[in-house]
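First the structure, in the form of structure tokens, and then the observations on it.
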């Protein structure tokens, strides 16, 4: 057993080190700053090198480690690592996302810059040099990545053009911030910024003109690979057909709950009427962020008073969603602090109204930030959702556990929190309960759409209509949502599935502990496992919940 533990520990460290070395932007995201001056080697040769290492690593892991001999916590880490390897190999070798999703390259370049300027992990003087290096590298990075793109679905081309078009403006803002801080280096900063702008401009020309012969095919990864990801990446005990049935079942169940909640407010009006009226009550365009700031503080105080979850002791900043994220982030999002950085400030993105859009679309964007819905977004993104969960995820376990990022856990926890906050009396306006159930209906629709899009049984336009008609999303926001779903198979289903798994775990804890069950203790035990697939938690949380014998 000692030798198995030693071998596994070495392989676990190798996995963390090599995967972050292969992806310098992911390393920056994790708080490993050895590669901050670099962008990934996303040339065809670089991709082949990663594939070869993953195949070799997978074989060595299985051959060298009899997982049954490991202690419980390391057995969970073994399962986490195997699921990560399986997912990475499938994406690179079979689904081959890098040959189709043209937006991944400008997204990577922009994220690499944004992390360095937005996260204060070191003085700006120290971050300046890697920022300039990444700016200088952008033209060669984007030019080399073009060779990967073989057949690009039209919607992926459109997403890439939207994301890439934000590049020059983002670079302008970044360069301006650096020049204000270092006026004596203005010429050098502007030279690096100019190279980056040229890189984005050339990539835009490629997307607008040169890629035409490669546009085609479907964004759907196919039922086989959806099933593979459900089983191997998310460790779920069902396939696409069962998943779609689950989504449709919860659509119907949630509709019934919606009608009952609406009837308690006004028996003469439907839930759709109440939602439509509620959407018209929203902050002024320039006060949207202020509304989220005030609600976030209210949620933090509520949790402190009720003692429902262990506190998150790190700061939270609420900022406008970065330009390059807005094409696929219609409402809000969260960027967690790096697990290995000393500074643990979380960033809560709120997408502002775009004044360049037609007035009707601006109003639709504002309706997405209506007053009845803001408490739900705060519960999901901030307290007790992503910000609190990822604070605890960053603090414990192995280095592998700290970079684990199961969407089923992260998004499931955040959706679970929306319901739990209702149970605990957080929402003062009864209309917020109607919006909460409407949003639960939206998450159930995501399950059906996720399966439909990626098995090829639902088109982009049908998915947008489904969200507008079934869940009452604003059309402009529904289009942004579906763009994201096309590029992230199995992520949209994670919200509802993860919530249901956590509720099942909570019921089991109540059954086992009886009168000894305590919600704070249950949440503490779950959060201590980090961002791992919830199906793995059963192997380790009971020791945390069961008192040691006297």
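Values in this text are rule-based calculations from the coordinates and carry no lab data. For clarity, every value in this text was computed on a predicted model and none was experimentally measured. Ideal geometry is used to build each Cβ from the backbone, glycine not excepted, and the neighbour counts take in all protein chains shown.
Sum -39500 (n - 2.57) across every DSSP H segment of at least 4 residues in the chain, then divide by the residue count to get the 222 nm mean residue ellipticity, nearest 500. Don't jump to the answer; show the numbers that get you there.
Values: 24 runs with 346 residues, N = 550.
That calculation yields -20500 deg cm²/dmol at 222 nm.
Assign one of three labels to segment 2-214, namely rounded, prolate or oblate, based on the Cα gyration tensor with a ≥ b ≥ c the square roots of its eigenvalues; rounded applies when a/c is under 1.5, prolate when it is not and a/b is larger than b/c, and oblate otherwise. Cα axes put segment 2-214 in the oblate bin.
Using a simple spin-label model with pseudo-atoms 7 Å out from Cα toward Cβ, residue 239 and residue 96 lie 2.5 nm apart.
Taking every C-alpha pair closer than 8 Å and separated by at least 6 residues, the mean separation divided by the residue count of segment 226-497 gives a relative contact order of 25 percent.
Comparing Cα centroids, segment 328-393 and segment 450-513 end up 18 angstrom apart.
The simple spin-label model puts a point 7 Å past each Cα toward its Cβ; for residue 169 and residue 154 those points are separated by 2.6 nm.
May I ask you to order 398-405, 145-152, 87-94, 120-127 by the average number of other C-beta atoms within 10 Å around their residues, highest value first? Intermediate values should be presented prior to the final figure.
Working: 398-405: 20.5, 145-152: 18.4, 87-94: 16.6, 120-127: 13.9.
Ranking the peptides 398-405, 145-152, 87-94, 120-127 by packing returns 398-405, 145-152, 87-94, 120-127.
Residues 270, 356, arranged from fewest to most other Cβ atoms within 10 angstrom of their Cβ, appear as 356, 270.
From the coordinates of this entry, percent of Cα pairs over 34 Å apart is computed, and it appears in (i) 45; (ii) 39; (iii) 49 under the label (ii).
Looking at the chain, the DSSP beta bridges with both ends there are about 40 percent antiparallel.
Annotation: peptides 488-494, 98-104, 261-267, ranked by per-residue average of other Cβ atoms within 10 Å with the highest first, follow the order 488-494, 98-104, 261-267.
Students often check this: by mean Cβ neighbours within 10 Å, which of 213-222, 324-333, 43-52 ranks highest, and how do the rest follow? Mind showing how you got there, number by number?
On the way: 213-222: 16.2, 324-333: 20.9, 43-52: 14.6.
Result, highest mean Cβ count within 10 Å first: 324-333, 213-222, 43-52.
Assign one of three labels to segment 226-497, namely rounded, prolate or oblate, based on the Cα gyration tensor with a ≥ b ≥ c the square roots of its eigenvalues; rounded applies when a/c is under 1.5, prolate when it is not and a/b is larger than b/c, and oblate otherwise. Rounded, because the longest to shortest axis ratio a/c is under 1.5.
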